Amino acid sequence: MSIKYASINFGYVEDYRVGSVVLVLGDGQYNSEKLALSGLASDLLYLYQELTGAGKPPSRKCCKANTNNNFCPVCGANLRDNVIYRADFEAWLLQLPILTVDDFGMHDEVMKWKLGHPASTLIGTKAKEVLVINEKAEEIICDQLGLKD
Ligand SMILES: [Zn+2]
């Protein structure tokens with residue numbers, strides 16, 4: 001088994017999302033579905049945190065100067081809220097199919113999985129080279145990360 005691609009779909013029954021997200025592994029391959037899923041889940045969590053600031057320590061100058069407080073007196077940011085909330089991450093994952101390349105930017109230095117590939121990338125690949133999540137990818141990814149409600 002050598003996984004180099006992923007095809008993931010979100011939602012379930014009437015909430016099923018018709019758009020698939022196809023990802024390509026930048027370098028190397030995963031030798032099991034478990035490792036491929038684990039790598040995919042951490043890459044997407046990284047991207048979520050990069051784009052939304054969720055679960056990250058405060059980065060603004062005003063906040064850094066006030067880390068002893070619960071809230072920044074200058075901008076009002078919650079300085080104790082560095083938790084990743086499953087519901088927020090799931091909601092973000094659900095909009096992954098409509099993000100643009102410009103929205104997510106370049107994260108090649110950290111992310112092994114690359115977004116922004118057409119489904120036709122998978123033509124000619126072997127089925128065992130593809131990590132397939134046919135439904136509820138948002139739940140499966142959160143479960144993989146051990147995120148609780
Ligand atoms: Zn602040």
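Throughout, read-outs are computed from the coordinates displayed, never taken from laboratory work. In this text the structure is predicted, and so the values were computed from the model without any measurement. Cβ coordinates were reconstructed from backbone atoms using ideal geometry, including for glycine residues, and neighbour counts include every protein chain displayed.
Brief remarks on what is shown
- Contact order normalised by residue count of region 64-149, Cα under 8 Å, 6+ apart, percent: 36 percent
- Applying a threshold of 24 Å to the alpha-carbon distances of 56/136; 34/148; 114/136; 34/128; 4/56 flags 56/136; 4/56 as lying beyond it.
- Backbone N under 19 Å from the residue 14 label point (7 Å along Cα→Cβ), restricted to region 105-146: 136
- Note: relative contact order over the chain, using C-alpha pairs below 8 Å and six or more positions apart, is 43 percent.
- Pair-distance distribution P(r) for the chain, from all Cα-Cα distances in 10 Å bins starting at 0: 10, 36, 32, 14, 6, 1 percent.
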